[in-house]
1. Per residue, what volume in Å³ does the Cα convex hull of segment 22-81 take up?
2. So for each of 105-115, 162-172 I average, over its residues, the number of other beta carbons within 10 Å; can you give me the resulting order with the highest mean first?
3. With contacts defined as alpha carbon pairs under 8 Å and 6 or more residues apart, what's the relative contact order of the chain in percent?
4. Take the chain, connect every pair of alpha-carbon atoms lying under 10 Å apart with a spring to form a Gaussian network, then pick out the residue of Gly17, Gly60, Gly156 with the largest mean-square fluctuation.
5. Average projected area of the Cα convex hull of segment 123-183, in nm²?
6. Mind ordering 216-222, 204-210 by average Cβ neighbours within 10 Å, highest first?
7. Between 0 and 90 degrees, rounded to the nearest ten: what's the tilt of helix 146-156 against the longest Cα principal axis of the chain?
8. Just subtract the alpha-carbon distance of Ala57 and Met1 from 0.36 nm times their residue separation and send over the number in nm, one decimal.
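Readers should treat all values here as calculations from the given coordinates under stated rules, not as data from a laboratory. This structure is a prediction, so every number in the text was calculated from the model and none was measured. As a convention, Cβ positions derive from the backbone with ideal geometry for all residues, glycine included, and neighbour counts pool all protein chains shown.
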Amino acid sequence: MESYALWDIDGTLLKNGAKAGSLYDIAVAEVTGFVAGTASPGEHGKTDGQIISERLAQYGLDPAHHSAVGARLDELSTEANLGPNRRELTAGVPEALAAVAAAGWTNALLTGNSPTRARVKLVGAGLSEADFDWDMSFFGQTALKRSDITAAARVGLAGLTSVIIGDTPSDGSAADAAGIPFIAVATGVFDRSVLEATSARVVLDDLVSGLPGLLDELKRIGSEG
C-alpha cells in the first residue's frame, strides 16, 4: 500500500516571502481597477481561493472577478518566483524529501496555492517538479477554506496512508477535519508553543534537527495503516 507525505509549501518547504501578500492586491487592481489603500493582515494558513474571495468582499467588488484575479495571480507569481523574487528553501528540505522517499513514502503537496504557483515557487527555489507526485497533490486555488483541500485529499487518497506536514495551526485543524494525521514544523511564523497546542503528532523545530523525529513518526503512522 502506498503512503503519501502531503507537504505544505509556504513556511514549511519554503521560507515565507516578505512581499508575497502584495501580489493578491496587484492582481485585484489589474483586473478590477480597485487599488487597496492599506495592506491586509497576516493570512498564513489561508488558501488562494479564500484570500481572493475575502479581499473582493472586503473591497466591495463583484465575486465574479475571482477566476480572473486567480489567473492574473498565477502570472504575477510566475514572473516573481522565476525572476527577481525567487524563494528560499527552509533548512534541510532536499535531504528531508530524499529521506522520506527512502523510507517508502511518496512526497506530494497539500497547499493553499494553485498548481501553477506551487510549481514556480518550488522550482524557483531550486527543487524539481519530479520531487513530488503532482497527480496525488491537492491545491487551494478555488478552496474557500483549508478543510476543503483536506476533504479532497481524504477522497483522493481513500484507503491509502497519508500524513500532512505543515507549519500553521490551520494545517492542523484542516487535517483534523479530514481525519489525517498532522506533523508540525516550526519553520514558519508560529513557534513551538502554538503548534504544540494543535493535534500534531510531533512538533519539529526544523527539518534538520527534526528529521529523525519526522522519520520515526512516519514509521509509526505507517504501522497503524
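1. On the way: hull volume 4.8 nm³, N = 60.
Spread over its residues, the Cα hull of segment 22-81 gives 81 Å³ apiece.
2. 162-172, 105-115
3. Details: 409 pairs, mean separation 57.9, N = 225.
Rounded, it is 26 percent for the chain.
4. Most flexible of the set in this elastic network: Gly60.
5. Values: hull surface 19.2 nm².
In nm², the orientation-averaged hull projection of segment 123-183 is 4.8.
6. 204-210, 216-222
7. Tilt relative to the chain: about 50 degrees.
8. My answer for the length gained is 15.8 nm.
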